[in-house]
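Below: the structure, in structure tokens.
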Amino acid sequence: MPQTRNVTLFIAMSLDGCIATSDHSLDWLEQVEGEGDNGYEKFYSTVDTVLLGRKTYDWIRQLALPAFPYEGKSAFVFSRDHHPENDDVHWINEDPVSFVRSLKASDGGTIWLVGGGELVKTLYEAGLIDSYIITIAPVLLGNGIPLFLTNSRHQELELLNSERYGQFIQLYYKRKTRPD
């Protein structure tokens, strides 16, 4: 049986489970003392494909970075609307589950699920997220956008490792497979 590619959710969240404030700001993350790049480059070097929801893509583009941050990677943005292709991304307006299943069956490296919430929920519900690298910031936002929207699927995870980066803690989990 051929080896399938890994879909990894690599993301930061507040201690109370939010990935952004209610107005979609991530400024609170910059207030936390980290260490180096907080493990980003170690993970990023394994990635050749990134998956983003349209709102996450729009937020990244609004940062006015000098270049698209995922240059050199295959970037797929899921949207219900039609968008023209550009040099940075491929717009996908088909079923994310079918599309990601075919990606997993193709040759390549790690597939990074960047976000957002709706795409995470869809791929989680379909059982397509293989591993989770979640960086927790010592901040309680109180009100914000939760990492995990309401889900109907029960999934057990196995803790593989944890690492401290300054005030951040990074947790490495893999999805437990159920015996048949």
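Hey, could you check the range 7-30 for residues that are of a type in the set (Ser, Thr, Tyr), in contact (Cβ under 8 Å) with a residue 40 or more places away in the chain and over 18 Å from Glu163 (Cα atoms) and say which is surrounded by the fewest Cβ atoms within 10 Å (Cβ to Cβ)? Going through the qualifying residues, I end up with Ser22. If you filter the range 151-166 down to residues that are part of a loop (DSSP other than H, G, I, E, B) and in contact (Cβ under 8 Å) with a residue 24 or more places away in the chain, you find that the one that is surrounded by the most Cβ atoms within 10 Å (Cβ to Cβ) is Gln155.
Among the residues of the range 98-105, is any farther than 21 Å from Asp48 by Cα and small (Gly, Ala, Ser)? No, the range 98-105 contains no residue that is farther than 21 Å from Asp48 by Cα and small (Gly, Ala, Ser).
Criterion applied to Ile111, Ile129 was being within 12 Å of the chain's Cα centre (by Cα), under 26 Å from Glu163 (Cα atoms) and in a loop (DSSP other than H, G, I, E, B), and the one residue passing it is Ile129. Screening Thr56 with (1) in contact with a strand residue (DSSP E or B) (Cβ under 8 Å, 6 or more places away or on another chain); (2) surrounded by fewer than 10 Cβ atoms within 10 Å (Cβ to Cβ) gives one miss only, at (2). Among the conditions (1) touching a residue at least 24 places away in the same chain (Cβ under 8 Å); (2) of a type in the set (Phe, Trp, Tyr); (3) closer than 27 Å to Gly127 by Cβ, Trp91 misses just one, which is (1). Look at the range 57-85: where a residue is at pLDDT below 80 and a partner is surrounded by 13 or more Cβ atoms within 10 Å (Cβ to Cβ), sitting 6+ places away or on another chain with Cβ atoms under 7 Å, you get His82/Asn93; His83/Trp91; Glu85/Trp91.
Annotation note: of Ile169, Ile145, Ile136, the sole residue that is touching a helix residue (DSSP H, G or I) at 6+ places or on another chain (Cβ under 9 Å), assigned to a strand (DSSP E or B), aliphatic (A, V, I, L, M) and farther than 16 Å from Asn6 by Cα is Ile145. When we screen Lys121, Lys174 for residues that are under 22 Å from Asp23 (Cβ atoms) and either out of contact with any His (no Cβ under 6 Å at 6 or more places or on another chain) or at pLDDT 95 or above (or both), the only hit is Lys121.
The values are calculated or read from the model by the stated rules, or taken from the named source; none is laboratory data. Computed from a predicted structure; not experimentally measured. Neighbour counts are summed over all protein chains in view; Cβ atoms, including those assigned to glycine, are modelled from backbone coordinates with ideal geometry.
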